[in-house]
Structure formats: C-alpha cells, structure tokens
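What follows is a single structure, written as structure tokens, with notes after it.
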Amino acid sequence: MSDSKPVPGGNEVLVEFDEGIAWVYINRPDKRNAMSVGLAHEMNAVLDALEMDDRARVIVLSGKGDAFSAGMDLKDFFRATDDVSDIERHRAYRANRAWQWRTLMHYAKPTIAMVNGWCFGGAFTPLICCDLAITDEAATFGLSEINWGIIPGGVVSKALSTLMGDREALYYVMTGEKFDGRRAKELGLVNESVPAAKLRERTRELALVLAEKNPTVLRQARMAYKYARYMDWETSAEYLTAKADQTTFVDSEKGREKGMTQFLDEKTFKPGLGNYKRD
Ligand code: ACO
C-alpha cells in the first residue's frame with residue numbers, strides 16, 4: 001500500500017528499505033556523521049514518516065562511511081547556535097532532543113543501533129535510546145566532552161546512567177578515555193559486538209526476528225519495560241497488569257487467544273520454542 005510513497009530523507013539522512021527493515025543512515029560521512037541542526041530537523045521528519053510507513057517494521061540506525069557519529073557537530077550545532085536568538089537556540093536543542101531521545105525512546109516500532117565506527121559524546125544518546133544495539137568490535141567509543149571542556153550534557157549523562165554502572169560511567173565521563181566495541185559490550189552499552197564483516201548481517205538477522213513478532217505486542221512489551229523500570233514494585237504490578245489487559249484489548253491480531261488455542265487445544269506449537277502461527 002505504501003510502496004509508492006517517496007523515500008523520506010535524502011540529504012543528511014538516508015533511508016533504504018529491505019525486507020521490512022528501514023536502514024536509516026546519518027549521512028555526513030565527510031564530517032564523521034557529526035550531528036548538525038539540519039540533521040536534527042531531517043531526522044525528526046524521517047522518523048515521523050517511518051512510523052506510518054508499512055515498508056518499515058524495524059528501524060536500524062547507523063552511519064554512512066566509517067562513523068556511527070562523532071557526536072554533536074561543534075561547528076554546525078554548537079557554534080551555529082552560539083550567536084543566534086535564544087528562541088532559535090531553543091528550537092535547535094528541542095529538535096535535537098526530540099529525535100535523539102524522546103522519539104526513539106517511545107517509538108512505535110522496534111529500533112536497533114548498528115554502530116559501525118566512531119561513536120562520541122552526543123551519539124551515546126540515540127545509541128542508548130534505541131531498544132537494542134550491535135557494534136563492530138573495532139568501533140571506537142568515547143565520552144570526549146571532558147577533553148574539550150564541556151560536560152556530557154544534552155541528556156548523555158542521564159542516558160548513561162540507565163545502562164552503565166556508576167563506577168564505569170564516571171570513569172569514562174571523567175577520563176574521556178576511548179574504548180572499543182568489545183568493551184562497549186562488557187559495559188552493557190550494546191547487546192553484541194561482532195567483527196566488522198558480520199555487522200550488517202547480524203543486525204539484519206536480529207531485525208528479521210523482530211519483524212516476525214506481533215507488532216502490537218512487541219510495542220506494548222517495549223513500552224511496559226521502559227516505564228516500569230522507573231516505578232516501585234507495587235505501582236509496577238498494577239501498571240503491568242493494566243498494560244497486559246490493554247495489550248489484549250488493542251491487539252487486533254488477537255495474539256493471546258491464538259497462542260493459547262494453538263498450544264492448549266490444537267497442540268500445534270510450543271510458546272517456549274518459537275512464535276505462534278500468525279495469519
Ligand atoms: N564536530 C564538527 N566537525 C567534526 C566533528 C564534530 N564532532 N567530528 C569530525 N568533524 C569534522 C572535522 O572537523 C573534519 O572536517 P574538515 O574536513 O572540514 O576539516 C572532518 O569531520 C573529518 O574529521 P577528522 O578529524 O579529519 O577525521 P579523523 O578520521 O582523523 O578523526 C575523529 C575522527 C577521531 C572522530 C575526530 O574527527 C574527532 O575527534 N571528532 C570529534 C569527536 C568528538 O569529540 N565529538 C564531540 C563529542 S561531545 C558532544 O557530542 C556533545
């Protein structure tokens with residue numbers, strides 16, 4: 001139905017569709033995919049469009065060339081907003097926050113960050129706010145802010161604290177020392193660290209696993225996890241019970257009913273071993 005839709009982006013963001021996966025690339029390879037104000041506006045438009053595009057069941061975020069992203073663009077984001085009106089600055093920061101954090105964290109479709117090279121500073125925010133992440137084991141990560149006289153701002157420090165232990169996060173915040181993809185895996189920043197030659201294929205495999213799931217239940221499960229982690233146990237129990245009921249209510253595919261019937265009555269599948277048969 002949406003195959004005739006134009007492909008979103010085309011400038012600082014490139015999108016390729018394949019097998020239900022939208023491969024979304026930051027496209028400033030000459031600038032190591034440093035993130036500009038223009039990129040923020042374009043990425044917001046792209047993510048907004050992909051949410052309603054049937055060609056995209058899963059989003060993979062990566063970078064063209066040899067970088068995931070060298071962080072915020074010192075020239076085209078920071079310097080560019082130093083001497084503008086405070087309203088213009090506010091709008092640039094809001095646009096940047098929108099895609100890097102709010103949109104990705106609450107996105108309607110599953111997201112995977114594929115870290116293909118340099119990943120510095122502000123790039124940690126979209127990395128962490130994607131649901132899952134896979135990296136090239138030789139990729140280089142760094143909280144380089146301290147090296148040039150700023151703090152890990154935006155929302156980087158907060159994002160780090162959701163995935164990393166305090167000792168490790170503070171070590172890298174305070175030293176600015178870089179680390180590789182293997183270490184990123186040890187730190188819990190990514191799910192997997194693989195050789196460069198396997199990065200795309202492993203990401204594709206994982207994306208296809210997600211693309212096969214009931215999309216409504218997958219969305220509800222991701223959201224439930226993200227909200228429940230900030231609640232106490234009592235509130236979580238109430239929230240998750242209500243969320244589970246809501247999931248059954250909004251799931252037009254009737255996954256729960258199908259799964260139960262196929263397991264208990266028809267004995268055609270085992271939930272522990274794979275997905276129920278979807279129509
Ligand atoms: N902001 C602005 N321009 C950048 C950035 C950036 N974050 N990163 C790279 N570039 C530009 C360079 O200025 C250069 O531009 P030019 O060709 O017009 O001179 C071009 O991208 C290529 O960069 P090089 O430094 O030549 O590339 P190299 O491969 O040698 O090094 C590296 C790559 C290590 C990533 C280096 O560019 C670098 O240290 N970048 C900054 C990383 C950083 O600290 N980012 C900010 C984090 S803090 C934050 O995000 C809030």
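The values are calculated or read from the model by the stated rules, or taken from the named source; none is laboratory data. Not measured: the values here are computed from a predicted model. For neighbour counting, all protein chains shown are included, and Cβ atoms are generated from backbone atoms with ideal geometry for every residue, glycine included.
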Residues within the range 113-166 that are among the hydroxyl-bearing types (Ser, Thr, Tyr), under 17 Å from TRP101 (Cβ atoms) and surrounded by 24 or more Cβ atoms within 10 Å (Cβ to Cβ), tallied: 1
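Which of the residues belonging to the range 128-157 are aliphatic (A, V, I, L, M) and under 20 Å from VAL37 (Cβ atoms)?
Looking only at the range 128-157, we keep the residues that are aliphatic (A, V, I, L, M), and these are 128, 132-134, 138-139, 143, 146, 150-151, 155-156.
Matches in the range 128-157: ILE150, VAL155, VAL156.
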Pair list, Cβ < 6 Å and 6+ apart or interchain, from the range 85-105 residues that are farther than 21 Å from ALA159 by Cα to residues that are part of a helix (DSSP H, G or I) and modelled with pLDDT of 95 or more: ARG89/THR81
Among the residues of the range 26-47, how many are farther than 21 Å from ILE128 by Cβ, without any contact (Cβ under 8 Å) to a residue 40 or more places away in the chain and out of contact with any Asp or Glu (no Cβ under 8 Å at 6 or more places or on another chain)? 2
Consider GLY188 carefully, then state whether it is exposed (fewer than 15 other Cβ atoms within 10 Å of the Cβ), of a type outside the set (S, T, N, Q) and away from the ligand (no atom under 11 Å from the Cβ). yes
